[in-house]
Amino acid sequence: MADKSPAILVTGGSRGIGAAVAELAALDGYDVCFSYRSRKADADRVCAAVEEAGRQALAVEADFSSEGDIVDLWRQAIDAFGVIHALVNNVGVLEPQKRLVDFDEKRLQRIFDVNVIGAILCAREAVRHMSTQRGGAGGAIVNISSIAARFGSPGEYIDYAASKGSIDTMTVGLAKEVAGEGIRVNAVRPGSIYTDIHASGGEPGRVDRVKAHVPLQRGGRPAEIAEAVLWLIADRASYTTGAILDVTGGL
Ligand code: NAP
């Protein structure tokens, strides 16, 4: 009997960067479980692409402001695939561009619930599953941060930037905490990438507005982020943990 394929869990895999990671992971030989929030048709498209690459796909609806949904996502992934070798902690949301002086509590709650608390709870489930101290097989976690953590996003979304700063700090701390348990933890900080997220910030064409400031003179493609993520997950990156990799076109 052929060896079972390794399995990966990608959060927010129905569109944008998460979809690119799911599709490249399938081409690299992983079975793929991914979450989406509500866009089932997009999730179905990603399932079809994964299956076309000859791998198994499972799409699970999960809202990252709900701890129950995150726990259930992991339960379904483990039920379907057994051992999950890697987590790509990719879900992230933006609110419309505003100065901090105009923020309200509801907005801040949503950003931090989804981008920080959801990501940390998802990493917790990964550690519970992967830790060799708990009988797991080890694994890799890649958190998707943002170059906003370095620049701060003044006049646009300081709250989002601060949430991604939390992801960087979580990456560094968790990498050290679980290094002896067979788990590597790294982050990728994308620059301006062509996805739908900019529309939720109120400026669908943002990448084209800012690309002149990018040393490579263009926005990035989701597939270019996926390449970095897949490298960090693979055994080729076996000595890399606690790293934060900027994939920004030189910013
Ligand atoms: P995107 O195109 O907006 O896709 C977002 C994904 O997350 C979708 O799969 C969506 O599901 C899911 N999602 C949205 N809200 C959710 C929630 N509350 N709970 C659970 N899932 C939810 O985003 P993206 O641009 O690919 O961004 C992916 C990650 O990269 C984010 O962490 C983002 O902060 C980071 N990033 C992006 C850029 C960029 O320029 N695009 C730059 C730096 C960092 P549905 O399809 O069902 O809505």
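Some observations on this one:
- For region 7-247: relative contact order, % (alpha-carbon pairs under 8 angstrom, 6 or more apart): 20
- Length gained on full extension, GLN217 to ARG107, computed as 0.36 nm times the residue gap minus the Cα-Cα distance: 36.3 nm.
- Extension gain (nm, one decimal) between SER38 and ASP79, 0.36 nm per residue minus Cα-Cα: 12.6 nm
- Using the Karplus relation 6.51 cos²θ - 1.76 cosθ + 1.60 with θ = phi - 60°, the per-residue 3J(HN,Hα) values for region 52-61 come to 4, 7, x, 10, 7, 10, 9, 9, 10, 6 Hz, with x marking Gly and Pro.
- The protection proxy used here, the mean number of other Cβ atoms lying within 10 Å of each residue, ranks peptides 212-220, 173-181, 13-21 as follows, highest first: 13-21, 173-181, 212-220.
- Between helix 16-27 and the chain: long-axis angle, C-alpha atoms, 0 to 90°, nearest 10: 30
- Under 24 Å between alpha carbons - lysine pairs in the chain that sit 8 or more apart or on different chains: 6
- Only Lys, Arg (+1) and Asp, Glu (-1) charged, at Cβ; region 7-247 dipole about Cα centre in debye: 500
- Acute angle (nearest 10 degrees) that the helix 67-81 long axis makes with the longest principal axis of the chain, alpha-carbon atoms: 40
- Largest first, the three principal axis extents of the alpha carbons in the chain are 58, 37, 33 Å in whole numbers.
- Each helix, a run of at least 4 DSSP H residues, gives -39500 (n - 2.57); summed and divided by the residues of the chain, these come to -12500 deg cm²/dmol at 222 nm.
- Largest accessible area first, the residues VAL210, VAL185 order themselves as VAL210, VAL185 under a 1.4 Å probe with ligands, DNA and RNA left out.
- Most positive-pole-ward Cα, ALA148, GLY118, VAL185, against dipole of the chain from beta carbon charges: ALA148
- Once the Cβ-Cβ distance of ARG134 and ARG236 is raised to the sixth power relative to R0 = 30 Å, the FRET efficiency obtained is 0.70.
- Rg followed by Dmax, in Å, when region 1-139 is reduced to its Cα trace: 15.9, 62
The values are calculated or read from the model by the stated rules, or taken from the named source; none is laboratory data. What you see is a predicted model; the values in this text were computed from it and never measured. No Cβ is skipped: glycine too gets one built from the backbone with ideal geometry, and neighbour counts run over all protein chains shown. With ligands, DNA and RNA removed, areas are computed over all heavy atoms of the protein, side chains included. Shrake-Rupley method; radii C 1.70, N 1.55, O 1.52, S 1.80 Å.
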